[in-house]
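For reference, the structure discussed in these notes is given below.
The values are calculated or read from the model by the stated rules, or taken from the named source; none is laboratory data. None of the values given here were measured: they were computed from a predicted structure. Don't worry about glycine lacking a Cβ; one is built from the backbone with ideal geometry, like all the others, and counts go over all protein chains shown.
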Amino acid sequence: MSYWALSLTLIFVLIPLLLSKTLNLGLGRDMTVATIRSIIQLLAVGYVLKFVFDSESLVYIFLMVALMIVAATHNAQKKGAAIQGITWKIAVTLIFVEVLTQGILIGFNITPATAQYIIPISGMVIGNSMVLSILFLNRFTAEVEDHQDQTELILSLGGTPKQAIHRQLINSIKASMIPTIESQKTVGLVQLPGMMSGQIIAGADPIQAVQFQLLIMFLLLTTAAVTSVFLGYLSYPTLFNKRMQLLKG
Amino acid sequence: MSTQYKPAIHFQHVDYRIGDIEILNDITGSFPQGRITTLVGPSGAGKSTLLKLCNGLISPENGEIFVKDKAIGEYDPVELRRMVGMALQSAPMINGTVYENLNLPLELQGQQLSKEEALELLEDVGLKGDLLDRKVKELSGGQRQKVSIARTLVNKPEILLMDEITSSLDRASKLEVEELISKINRKYKTTIIWITHNLQQALEIGDYTWVMMDGQVVETGESSLLEDPQNGRVEEFVKGVVS
């Protein structure tokens, strides 16, 4: 795409800005900031990626992935403030998911161990893991609060903390995985995934684009399951003390 | 409280607070073994908190609690909660059938309640056997409360804590539950600690009573104290409740 064509895409920013002004939506400033930020951030990332790809150094790949994990942890931890030590729990979860998925991809020779593959795939895995963490923590916090009587019932009958929180934990894991599973059911029918569309537009063979998209979708299914289960089992013990009492607020 | 009975539970200078709010202040006294003790007093007196301390769902800020002469902290929490059962006013249930709820205490131990045992429990609490497969959400308030008591009995507790279990029941159900508790106490020699707002109930069912106000125990003794309280505040409370 030429720079002229790229600048013409700003028409798609002008339309909502005009609508906002006409209807007094008050979103003009936010949309302008978002547009400027996205241009700067993406261009910066583009140049950084070019540098990392050219250098072919594992150290830069590692630094890029580490930066993604730090940013994703920072964003997700706000939703789990009620859970003690949530920051390191999210960080450990993201690292575990990243190591597991890259370990399988590289270990089984599914994708090569180069920056061109590791960085974009890590971005998708860590980004999805972050969203899953937020969905899980939102639901889990609400479940624990809403079903406190059930938790105390099971504790009062001589159940362990794990037994007392089991139903809330399972409900939260299931609820956080639903969007991933549902979007997989309709993929290709309702929407063409961004990565696949991008490849096709860039001139790739559609069948090859589909193959990569399938790889990513299966990868994200593992990401969803492992993130919610791992984070769930790391989080629930901090809701109780050594005397198996439910800690409140 | 001076009685000839051994204490099932003994409180010694127990304080409990939530943040800056003092819920219980310097509670000392005993609940006699094998007897029914009622806890009465206005709302917010700290009665429910005191029950949760007995069951180990919470721990005191200061002081000691002894269950059968052993400090509560020396018990394994699971062992303690199976020995000290608890039934609540809200009678919380897990989704499912009456049988699934009755089976819950054993399920938590990796065991299963036989159908015969479940039917026997229902009979014990005055419910018909055909309720066994009924969904708990279809039960009346009285039936729920009885299932909750039956479920607590599955662990064969030596001490039974009950928090206003009859307050939302109609008169007939209330009488049935009162009779049931007396029967459990007679049949199994279970120590009962029962929170009630109904002073008549405390007089008729309880052997002993604790009157609590503002986080403190203001008078204890045989239940008849409610007819002739020595403490002026208790007298006012009794008059207020009766009138």
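Table: residues versus (1) at pLDDT 90 or above; (2) out of contact with any Lys or Arg (no Cβ under 8 Å at 6 or more places or on another chain); (3) not basic (K, R).
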| site | (1), (2), (3) |
| --- | --- |
| A:A175 | yes, no, yes |
| A:V187 | no, yes, yes |
| A:Q191 | no, yes, yes |
| A:F240 | yes, yes, yes |
For this session: Taking B:E178 as the residue in question, decide whether it is surrounded by fewer than 20 Cβ atoms within 10 Å (Cβ to Cβ) and closer than 14 Å to B:T38 by Cα.
Result: yes
Problem set entry | B:K115 being surrounded by fewer than 16 Cβ atoms within 10 Å (Cβ to Cβ), under 30 Å from B:F237 (Cβ atoms), away from chain A (no Cβ under 14 Å) and over 14 Å from the mean Cα position of the chain (by Cα) | no
Exercise. List, please: which pairs have Cβ atoms under 7 Å, are six or more places apart or on different chains, and start with a residue in segment A:12-27 that is in contact (Cβ under 8 Å) with a residue 12 or more places away in the chain and end with one that is assigned to a helix (DSSP H, G or I) and hydroxyl-bearing (S, T, Y)?
Worked result: A:V13/A:T35
Seminar exercise, completed: Flagged in segment B:193-243 as under 16 Å from the mean Cα position of the chain (by Cα) and part of a loop (DSSP other than H, G, I, E, B), in numbering order, are B:T196, B:H197, B:N198, B:G206, B:D207
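Confirm whether A:E182 is away from every other protein chain (no Cβ under 14 Å) and of a type in the set (D, E).
Working: away from every other protein chain (no Cβ under 14 Å): yes; of a type in the set (D, E): yes.
Judged against the criteria, A:E182 is a match.
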Exercise. For segment A:1-98, which helices (runs of 4 or more DSSP H) that fit wholly inside it have 1 or more residues that are under 20 Å from the mean Cα position of the chain (by Cα) and of a type in the set (S, T, N, Q)?
Worked result: A:28-55, A:58-76
Problem set entry | Identity of the residue in segment A:233-246, more than 10 Å from every other protein chain (Cβ to nearest Cβ) and among the aliphatic types (A, V, I, L, M), that ends up surrounded by the most Cβ atoms within 10 Å (Cβ to Cβ) | A:L239
Seminar exercise, completed: Cβ pairs under 7 Å, 6+ apart or interchain, first in segment B:41-56 and free of Cβ contacts under 8 Å to residues at least 60 places away in the same chain and within 14 Å of chain A (Cβ to nearest Cβ), second in a helix (DSSP H, G or I) and crowded, with 18+ Cβ neighbours inside 10 Å, ordered by first then second residue, are B:G56/B:I72; B:G56/B:P77; B:G56/B:L80; B:G56/B:R81
Exercise. Given the conditions (1) hydrophobic (A, V, I, L, M, F, W, C); (2) more than 30 Å from B:L106 (Cβ to Cβ); (3) crowded, with 20+ Cβ neighbours inside 10 Å, which single one is not true for B:L160?
Worked result: (2)
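Restricting to segment A:45-84, name every residue that is farther than 30 Å from A:N138 by Cβ and either of a type outside the set (A, V, I, L, M, F, W, C) or touching a Lys or Arg at 6+ places or on another chain (Cβ under 6 Å) (or both).
Looking only at segment A:45-84, we keep the residues that are farther than 30 Å from A:N138 by Cβ, and these are A:46-63.
Hits for segment A:45-84 are A:G46, A:Y47, A:K50, A:D54, A:S55, A:E56, A:S57, A:Y60.
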Problem set entry | Matching residues in segment B:57-75 - criterion: being within 11 Å of chain A (Cβ to nearest Cβ) and part of a helix (DSSP H, G or I) | B:I72, B:G73
Seminar exercise, completed: Going through segment B:156-179 in order, the residues found to be in a helix (DSSP H, G or I) and within 13 Å of the chain's Cα centre (by Cα) are B:V177, B:E178
Exercise. Considering B:V84, B:V78, which residue is without any contact (Cβ under 8 Å) to a residue 12 or more places away in the chain and at the interface with another protein chain (Cβ under 10 Å from one of its Cβ atoms)?
Worked result: B:V78
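Go through the residues of segment B:95-105 one by one and say whether even a single one is among the aliphatic types (A, V, I, L, M) and within 14 Å of another protein chain (Cβ to nearest Cβ). Break it down stepwise before answering.
Initial filter on segment B:95-105 (among the aliphatic types (A, V, I, L, M)): B:98, B:102, B:104.
Applying the additional criterion that residues be within 14 Å of another protein chain (Cβ to nearest Cβ) yields B:102, B:104.
Yes.
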Exercise. Got a sec? Which of B:L127, B:L119 is farther than 18 Å from A:L157 by Cβ and assigned to a loop (DSSP other than H, G, I, E, B)?
Worked result: B:L127
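Only one residue in A:E152, A:E182 is among the charged types (D, E, K, R), crowded, with 17+ Cβ neighbours inside 10 Å and out of contact with any Phe, Trp or Tyr (no Cβ under 8 Å at 6 or more places or on another chain). Which one?
Numbers: A:E182 fails: crowded, with 17+ Cβ neighbours inside 10 Å.
Being among the charged types (D, E, K, R), crowded, with 17+ Cβ neighbours inside 10 Å and out of contact with any Phe, Trp or Tyr (no Cβ under 8 Å at 6 or more places or on another chain) holds for just one of A:E152, A:E182, which is A:E152.
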Seminar exercise, completed: The one condition B:K146 fails out of (1) in a loop (DSSP other than H, G, I, E, B); (2) away from every other protein chain (no Cβ under 14 Å); (3) without any contact (Cβ under 8 Å) to a residue 40 or more places away in the chain is (1)
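Each row is one residue, and each column tells you yes or no for (1) within 19 Å of the chain's Cα centre (by Cα); (2) farther than 15 Å from A:L247 by Cα.
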| residue | (1), (2) |
| --- | --- |
| A:L135 | yes, yes |
| A:E143 | no, no |
| A:T151 | no, no |
| A:T160 | no, no |
| A:I170 | no, yes |
| A:I178 | yes, yes |
| A:I181 | yes, yes |
| A:S197 | no, yes |
| A:I200 | no, yes |
Problem set entry | Residue check for A:L169: within 14 Å of chain B (Cβ to nearest Cβ), in contact with a Lys or Arg (Cβ under 9 Å, 6 or more places away or on another chain) and surrounded by 19 or more Cβ atoms within 10 Å (Cβ to Cβ) | no
For this session: Please enumerate the residues belonging to segment B:154-189 that are among the polar types (S, T, N, Q) and free of Cβ contacts under 8 Å to residues at least 40 places away in the same chain.
Result: B:T166, B:S173
